[in-house]
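Inspection log for the structure reproduced underneath, given as structure tokens.
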Amino acid sequence: MPGEEAVHDRNFVASLQKGLEVLTCFGRQHSRLTVSEVARLTASSPASARRSLLTLHALGYLDSDGKRYWMLPKALLVAHAYLASRATPSLAQPLLDALSERTRESASLGKLLGDDAIIIARSTARRSLSVGLGIGSRLPAYCSALGRVLLASLPPAEAERRVRAMARHALTARTVYEARPVLARIARCREEGFASNDGELELGVRSMAVPVHDRSGAMVAAMSIAVRAERMSFIEFRDAFLPALRKAGATLGGRLYPE
């Protein structure tokens, strides 16, 4: 969401903001949406949602049967522009591929986006996870390994403010979502240099993440790896894969100049 100063800037185009919010409200759980559903997801009026949908439809970003709307391939141009113009995803991809090939597990790179960790690069192993993550997928920052590492990069007071303000709820019976335990895990990440998730996003899936620092020492992303719980215990998972994950993160960081 834009800050207060941006919203009140006379150069701020509110209609563009609404259109982008409509374009990005579609997803795996919301693949075909009505006007009223889009209005609810974007916290806008039905009239505003309808205007944005009709405009995006006319421009070729959406298709419609008259009642529901869905994405068209032209929307990929927005994602491609980011991936093609930023160095981090392209530099990360071969490292994620090598990590995934070595461990036979899926590896991801993410950045903080509002209350979520958004995946900007990913390599999927032969063993697929049912969560079906891909580039552009979002994970709740409070209960994902990627998100906890990214929150740990913030000043403690800012991290606490954001955690307490974000919507938090249990996604599984194992999800840690109350503010104090979440903040304790973020503080632990600062001390240990990695964060973990054990069945909090999906039962039976474990993940770890480490920070990625650029050549100036600034943290610019987080890198993670995930495994099926039946494959190994969490301690076995940590001992087997954390060194390789840290090495891949450090290698990527050594190739990144400050943006």
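The values are calculated or read from the model by the stated rules, or taken from the named source; none is laboratory data. The model shown is predicted, which means the values in this text are computed figures rather than measured ones. For neighbour counting, all protein chains shown are included, and Cβ atoms are generated from backbone atoms with ideal geometry for every residue, glycine included. Accessible surface is based on the protein model in full, side chains and every heavy atom, while ligands, DNA and RNA are left aside. Shrake-Rupley method; radii C 1.70, N 1.55, O 1.52, S 1.80 Å.
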The stretch 49-63 residues that are on the phi > 0 side of the Ramachandran plot, paired with ones that are open to solvent by 20 Å² or more (accessible area, probe 1.4 Å) and outside any helix (DSSP H, G or I) (beta carbon under 9 Å, 6 or more apart): GLY60/LEU72
Scan of the stretch 174-186 for residues that are open to solvent by 30 Å² or more (accessible area, probe 1.4 Å) and either under 18 Å from the mean Cα position of the chain (by Cα) or touching a residue at least 40 places away in the same chain (Cβ under 8 Å) (or both), ordered by number: TYR177
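Could you run through the stretch 187-201 and say how many residues are assigned to a loop (DSSP other than H, G, I, E, B) and buried (at least 18 other Cβ atoms within 10 Å of the Cβ)?
We begin by selecting, within the stretch 187-201, every residue assigned to a loop (DSSP other than H, G, I, E, B); these are 193-194, 199-201.
Filter again for buried (at least 18 other Cβ atoms within 10 Å of the Cβ), leaving 194, 200-201.
Residues meeting the conditions: 3.
In this structure, is ARG161 open to solvent by 80 Å² or more (accessible area, probe 1.4 Å) and either touching a Lys or Arg at 6+ places or on another chain (Cβ under 7 Å) or under 24 Å from GLY114 (Cβ atoms) (or both)?
Values: open to solvent by 80 Å² or more (accessible area, probe 1.4 Å): yes; either touching a Lys or Arg at 6+ places or on another chain (Cβ under 7 Å) or under 24 Å from GLY114 (Cβ atoms) (or both): yes.
Considered against the rule, which asks whether it is open to solvent by 80 Å² or more (accessible area, probe 1.4 Å) and either touching a Lys or Arg at 6+ places or on another chain (Cβ under 7 Å) or under 24 Å from GLY114 (Cβ atoms) (or both), ARG161 comes out as yes.
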Qualifying positions in the stretch 24-45 - within 19 Å of LYS67 (Cβ to Cβ), of a type outside the set (Lys, Arg) and surrounded by 14 or more Cβ atoms within 10 Å (Cβ to Cβ): CYS25, PHE26, LEU33, THR34, VAL35, GLU37, VAL38, ALA39, LEU41, THR42, SER44
Unmet requirement for VAL182, which otherwise passes all of (1) farther than 21 Å from TYR142 by Cβ; (2) part of a helix (DSSP H, G or I): (1)
